[in-house]
């Protein structure tokens, strides 16, 4: 179920490589960017399910800039922030700006995997919910049409049964005449329902 | 999320109808936006009109497949509605096996072909496989039973073919005892066991296109898919399904569907509380004759 497309943004090559080495074998598709500018270029070209970005990066945009760009570009992209100890307050600010979560460096990969699985699960569930809603809408419409059609047919059949009953009670008519009338009722009903 | 215009809906619904038969109208703006919006972004396109243009003119079928995957609804669960599977176990399979055994030679084993015409991610096919396994048990190998699952979505077929399901998919409809018996843990989810997987083949199929080449089937499941088509296409689909059903074959449709007034070639039949359809053995002419015979008169049924 781990088919997330992930962009990793960090100016530290060791962190970048380490994240790639841990996540790629787990089934995630990984793109690396060494700064905010590169990250924005990648985000312009493709849609990422998750952007994992370092908060403190030299140059513009920094982690907050990447977060804001990702949030602005798409409602589908979730952002995870990586912070040093000193920047926890900033991380809290970043959460307010729309980050899904933050992790302290050095990255605990077990923790990161749990966060990513949670995002994957959320995405799966929202797709399931959407499919369920659409299936329910379509089924309800189609079922309403079906019921209407069957109701009409039931009414026609009820009507013909009633007429046949009436005919049979007309004891003043000859049996042949009654039979002819019954046949004509049946014939009319067949025409109506087919 | 990118907003879609009424004109874009018109273009895209025309396109989606052309490639899949799925009928969508202006009331489904939210559906286009939530399902195709990510595609517009992923391909760096300006808007939905460009998505439609690219899909129509672009080389290859890549974008078409992505659109069909996104727009088709994969709502399914194990043992959905339950009734059809009880029907299969208690009526259809015993009857068919009896009928086929009487005809089978000593050399050729009894063969049954079962088709799930819109199998989505495979839950229906594997539910049927489980019923077969439970009913026939070790005798299963004495029969030649082929299950075919088809769906319009590549992504759905790929998952069906893998036979892997996440926790939420498994929790929908699959009793615990069957889970443990017929699935094995795989990663964060579960995978259907090999002997059940081996009974099934999956392939992509657009039900709007000819499928006569698939051959004849003894049982066809066509549940909750025709509801996505126009009434005219629904009629045509069931007419064509009549063409691939064995003369004594069984058609099972969705619990909220009915063929009354849709396809006169099928007769509804009832077993306990379940409805199934079979090809007419007595066409209207026969009915006319039988009334004429009983009443001793010529009957003019215009139908």
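Summary table below
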| quantity | calculated |
| --- | --- |
| Selected residue (criterion: farthest from residue B:165 (Cα to Cα)) from residues of segment A:27-51 that are within 11 Å of chain B (Cβ to nearest Cβ) and exposed (fewer than 15 other Cβ atoms within 10 Å of the Cβ) | A:44 |
| Residue check for residue B:288: in a loop (DSSP other than H, G, I, E, B), at pLDDT below 95 and not assigned by TED's automatic domain parsing to the domain that holds residue B:118 | no |
| Test: residue B:282 is away from chain A (no Cβ under 14 Å), over 17 Å from the mean Cα position of the chain (by Cα), part of a loop (DSSP other than H, G, I, E, B) and modelled with pLDDT under 95 | yes |
| Answer from B:46, B:23 - the residue that is outside the structural domain of residue B:174 (by TED's automatic domain parsing) and farther than 24 Å from residue B:209 by Cα | B:46 |
| Subset of segment A:81-98 (residues that are in contact with a helix residue (DSSP H, G or I) (Cβ under 7 Å, 6 or more places away or on another chain) and modelled with pLDDT of 90 or more) | A:81 |
| Residues of segment A:159-194 satisfying the condition of being within 30 Å of residue B:223 (Cβ to Cβ) and part of a helix (DSSP H, G or I) | A:190, A:192, A:193 |
| Flag if residue A:60 is farther than 24 Å from residue A:24 by Cα and assigned to a loop (DSSP other than H, G, I, E, B) | yes |
| Residue ranges of helices (runs of 4 or more DSSP H) in segment B:1-95 with at least 1 members within 14 Å of chain A (Cβ to nearest Cβ) and touching a helix residue (DSSP H, G or I) at 6+ places or on another chain (Cβ under 8 Å) | B:6-20, B:29-42, B:48-57, B:62-71 |
| Per-region count, segment B:245-255, residues crowded, with 19+ Cβ neighbours inside 10 Å and within 14 Å of chain A (Cβ to nearest Cβ) | 2 |
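Results for (1) out of contact with any strand residue (DSSP E or B) (no Cβ under 7 Å at 6 or more places or on another chain); (2) crowded, with 18+ Cβ neighbours inside 10 Å, shown as yes or no for each residue.
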{"residue": "B:119", "(1), (2)": "no, yes"}
{"residue": "B:124", "(1), (2)": "no, yes"}
{"residue": "B:127", "(1), (2)": "yes, yes"}
{"residue": "B:130", "(1), (2)": "yes, yes"}
{"residue": "B:141", "(1), (2)": "yes, no"}
{"residue": "B:149", "(1), (2)": "no, yes"}
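The values are calculated or read from the model by the stated rules, or taken from the named source; none is laboratory data. The structure presented is a predicted model; accordingly, all values stated were derived computationally and were not measured. Quick reminder, even Gly has a Cβ in these numbers, built from the backbone with ideal geometry, and neighbours come from all protein chains shown.
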